[in-house]
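See below for the structure under consideration.
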Amino acid sequence: MQPIERVEGRAIPFGRKNVDTDIIIPAQWLKTISREGLGQGAFESVRAEPGNIFDDPEFARAPILIAGDNFGCGSSREHAAWALIDLGITAVIAPSFSDIFSSNAFKNGILTVVLPQEAVDRLMEVAATDPIHIDLESQTVTTPFQDRFTFEIDPFRKTCLMQGLDEIGLTLGKADAISAYEQQVSAQRPWLVPATA
Amino acid sequence: MALAKTLYEKIWDAHVVDQRDDGTAIIFIDRHLVHEVTSPQAFEGLRMAGRKVRRPDLTLAVPDHNVPTTARVDAAGNRLPIADPESRAQLEALERNAPAFGVPYIEATDIRQGIVHVIGPEQGFTLPGCTMVCGDSHTAAHGALGALAFGIGTSEVEHVLATQTLQLKRSKSMEIRVEGDLPPGVSPKDLILHIIGQIGAAGGTGHVVEYRGRVFEQMSVEGRLTIANMSIEAGARAGLIAPDYTTFAYLKGRPMAPKGADWDAAVAYWRTLHTDHGAQFDKSVVIDAADIAPSVTWGTSPEDVVPITGMIPDPESFADASKRAAAQKSLDYMGLSAGTPLTEVPVEHIFIGSCTNSRIEDLRAAAAVLKGRRNAPGIKSALVVPGSGLVKRQAEDEGLDRIFIEAGFEWREPGCSACLGMNPDKVPAGERCASTSNRNFVGRQGPGARTHLVSPAMAAAAAVTGRLSDVRALV
C-alpha cells in the first residue's frame, strides 16, 4: 500500500446520501478476477444521466469525492474501493460511512473523512470552483478561503495509512499469540476449533 | 459477581487473541465462508505473497453469486458449461483456488450447493457463539443462531485466509426490542422491513444489533435468519438473536454440527450465551409488533418502507431536505407518483429467492397462497429459486414445486439469482418486480429494474393479482 500523507486537488461535489455500493460499481462489473480497470463501470447509473458530474471535464481525475450520509452502504464488495482508486479518487468526505466500506477503503489506502453535514455543505460549495486540501497528519481539511475543519480518525488506521503498512504482515507478527489462542480454545471447545496436527 | 455482559460482549471477549491499547483487537475467526465473487483477488494476494491458508478446516467454499439457476447437467448427467465467459472464469478460479489451498469446496452440481448463507446453517457449519465471516454483507444472517457474523471485503478475506483472524475494534451495542406479537398474516420479513423503515438505512451503523422480545423467541430459525440477514440494510454489520432450544433443535444432527459428548458440551456452553440481566446497550429501540402490517418498499433504499395498506409517500412530507430530494429521485426511478395506493401498483415480475427468503418455510408460505391459483396475465416472469439443493429437494418431496409450476412459476436451481443482477436472472429496465430479496437499490436487479421488497407470501399475492396486494385478503 502506498503511504498517504495528504490529498489535495479538486473534489467532486456529488453530495448524494445513501450512496450504495451497487451505485459505486454495479454487479455486472464484479465478474472480474482482477482489481484493475473498474473505473469504467464506476457510477454507471449516475453517468447515464445527462450532464452528470462524473463526466464533467472539470472534475476529471479529481482525487476527492464529497457525498452525503451513509456513503458505501449495502454490499461488502471491495470492488467499490477499487473502482474509486481506478477513477483516481483517494479520499472521500461525507457525514457518515458504512462500516464495511470504510474498512475496505482503509485497506486500499483511501482516506474516509467524516465531517458534520454543515462542513460537508460548505465543502460542496467550495468544490464547485476550487480545490480542497486534506492533511492526514494534522487531521484537517482546508480550503483556499481559510475554511479549516478537523476530523477524527482511528490512530491505528492513521499510522497504517501514513506508513503504508501491510496489515496481514502485522498480524502474522502475532502468529505466536494466534497459536496460543488456538491451543487454548481447542482444549476448551474442540468441537468449535479442533486441534491442528 | 461478574460484570453483566451483553451477548455481543460475551462472544467478543471469547475471541480476543491480542488487545492493543488503542482499542484494536486481533479477533479469532471460527468459521469462514468463501464464494466465487469476492475471493479471486484474495487468493491471488496469498499466492503473490507466498502465504497459505492458515485453517482450511475452518473454511468452506461454495459458488452461488453468478452461477446460472438453469439446469446444470444435461439429460446424460454431464455438466453444462456456463455461457458467460467472465462468470465461467470466476467459477473456474474458485474451482482451482479451493483445492490448491486445501479449502473444502461444495461444487455447483452438489446437492448441498446453495447460497452461502443458506448452507452455513443447513450444514451446521454456523454455530452459536462462533465468529463467522464471509465476503458478503448478508453474512449478518448467521446471527440468527447466535453467531457473531458479519460481511467483510476482499482484503479482509485475504487476511482471514492468511491468519484466521481480523483486526477489529469493538462495535457499539444496540438492542432492538419488539414488544407483543405479530398480527396474523404478518411475517418476519414484514417485521424486519418495518424495523428498517423505523430506524433508517444507517440506524444501526457502528453497532451490533441484538433482537430481543417474545416475537423472536417464538420464531423459527428460518424466520430469525430473515431478520438477522437484513441487519445490514439498517447499517448494522451484525445482528444477533440469543440461541435457545429452537436453535439447538435446529442444529442437532446437522452434518457439521458437534456430535455425541461434543454435542452435550456445546449445548452447555451455548446456554451461557445470552445477555445478562442488567447489561447495558449503547442504544435501545422499542418497536410495537401490533402496529405492523405486511410491508412493502416504494423507493430505492430499504428504509423506504410503507404498509401495504398505505400510499406512495409525498416527497414533500419528509422533514429533511436531502431526504426530500432523494425521495423525488427514487419516485422518478421507480415510475411512481405520490398518493398512489400501494395496491394499485402493477408488477410484471416475481422473484422468490435470495439469502433472505429462500428457505423451506419461505417456499411453504408462498405455495400456501399460490395453491389452486394461477399467476395473473400481466406477469411476464415468475421465478422460485430455492436457497440450496437440499431445500429444493425437500420442497419437491412436499410437492411445493408442483404448486409453483402449476401457478406459472419457473422452478430453478439454487443460487443468488435475481437478487443482484450478476447472473442471467435479471429484471428488464423500467419493469417492476415484487421480490423477496433484500435490496431495492437502483439497478440492483439489473440496469433500470424497479424492485419492491416483500415477503414470500406477499410476492405470491402479487403474482396472482398482478399488482402489489395485501396477502391477508387471499388467505
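The values are calculated or read from the model by the stated rules, or taken from the named source; none is laboratory data. For clarity, every value in this text was computed on a predicted model and none was experimentally measured. We place every Cβ from the backbone using ideal geometry, glycine too, and count neighbours over all the protein chains shown.
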Where residues in segment B:17-59 are within 20 Å of A:Ser34 (Cα to Cα) and among the basic types (Lys, Arg), which of them is surrounded by the most Cβ atoms within 10 Å (Cβ to Cβ)? B:Arg51
Matching strands (runs of 3 or more DSSP E) fully within segment B:219-316 where at least 2 residues are assigned by TED's automatic domain parsing to the domain that holds B:Ser187, loosely packed, with under 15 Cβ neighbours inside 10 Å and not β-branched (Val, Ile, Thr): B:283-288
Which of (1) out of contact with any Leu (no Cβ under 7 Å at 6 or more places or on another chain); (2) at the interface with another protein chain (Cβ under 9 Å from one of its Cβ atoms) is the odd one out, the single condition A:Ala27 does not satisfy? (1)
Tell me yes or no: at least one residue of segment A:112-123 is of a type in the set (Asp, Glu), more than 8 Å from chain B (Cβ to nearest Cβ) and either touching a residue at least 24 places away in the same chain (Cβ under 8 Å) or not in a helix (DSSP H, G or I) (or both). no
Count of residues meeting criterion [within 11 Å of another protein chain (Cβ to nearest Cβ), within 14 Å of B:Thr300 (Cα to Cα) and in contact (Cβ under 8 Å) with a residue 24 or more places away in the chain] in segment B:421-448: 9
Checking A:Ala128 against (1) without any contact (Cβ under 8 Å) to a residue 60 or more places away in the chain; (2) surrounded by fewer than 20 Cβ atoms within 10 Å (Cβ to Cβ), which test does it fail? (1)
Could you say whether any residue in segment B:206-216 is within 11 Å of chain A (Cβ to nearest Cβ), part of a loop (DSSP other than H, G, I, E, B), without any contact (Cβ under 8 Å) to a residue 60 or more places away in the chain and surrounded by fewer than 24 Cβ atoms within 10 Å (Cβ to Cβ)? yes
Evaluate the following for B:Val215: is it touching an Asp or Glu at 6+ places or on another chain (Cβ under 7 Å) and of a type in the set (A, V, I, L, M)? yes
For segment B:140-173, which positions are β-branched (Val, Ile, Thr) and within 8 Å of another protein chain (Cβ to nearest Cβ)? B:Ile152, B:Thr154, B:Thr163, B:Thr165
Listed residues A:Gly9, A:Gly41; which is within 29 Å of A:Phe156 (Cα to Cα) and more than 8 Å from chain B (Cβ to nearest Cβ)? A:Gly9
For A:Val92, which of the numbered conditions (1) in contact (Cβ under 8 Å) with a residue 40 or more places away in the chain; (2) more than 11 Å from chain B (Cβ to nearest Cβ) fails to hold? (1)
Within segment B:70-82, does at least one residue satisfy the condition of being among the hydrophobic types (A, V, I, L, M, F, W, C) and either within 12 Å of another protein chain (Cβ to nearest Cβ) or buried (at least 24 other Cβ atoms within 10 Å of the Cβ) (or both)? yes
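For segment B:46-70, which residues satisfy the criterion of being within 20 Å of the chain's Cα centre (by Cα) and closer than 19 Å to A:Glu182 by Cα? Lay out the reasoning, then the answer.
Looking only at segment B:46-70, we keep the residues that are within 20 Å of the chain's Cα centre (by Cα), and these are B:59-69.
B:Thr59, B:Leu60 - these are the residues of segment B:46-70 that are within 20 Å of the chain's Cα centre (by Cα) and closer than 19 Å to A:Glu182 by Cα.
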Taking segment A:144-190 as the region of interest, how many residues are crowded, with 19+ Cβ neighbours inside 10 Å and among the polar types (S, T, N, Q)? 1
Looking at (1) more than 9 Å from chain B (Cβ to nearest Cβ); (2) touching a strand residue (DSSP E or B) at 6+ places or on another chain (Cβ under 7 Å); (3) touching a residue at least 40 places away in the same chain (Cβ under 8 Å); (4) of a type outside the set (A, V, I, L, M), find the lone condition where A:Glu167 falls short. (1)
Quick one: would you say B:Glu361 is out of contact with any helix residue (DSSP H, G or I) (no Cβ under 9 Å at 6 or more places or on another chain), touching a residue at least 60 places away in the same chain (Cβ under 8 Å) and charged (D, E, K, R)? no
Check segment B:92-115 and report whether any residue there is in the same structural domain as B:Arg224 (by TED's automatic domain parsing), in contact with a Phe, Trp or Tyr (Cβ under 8 Å, 6 or more places away or on another chain) and of a type in the set (D, E, K, R). yes
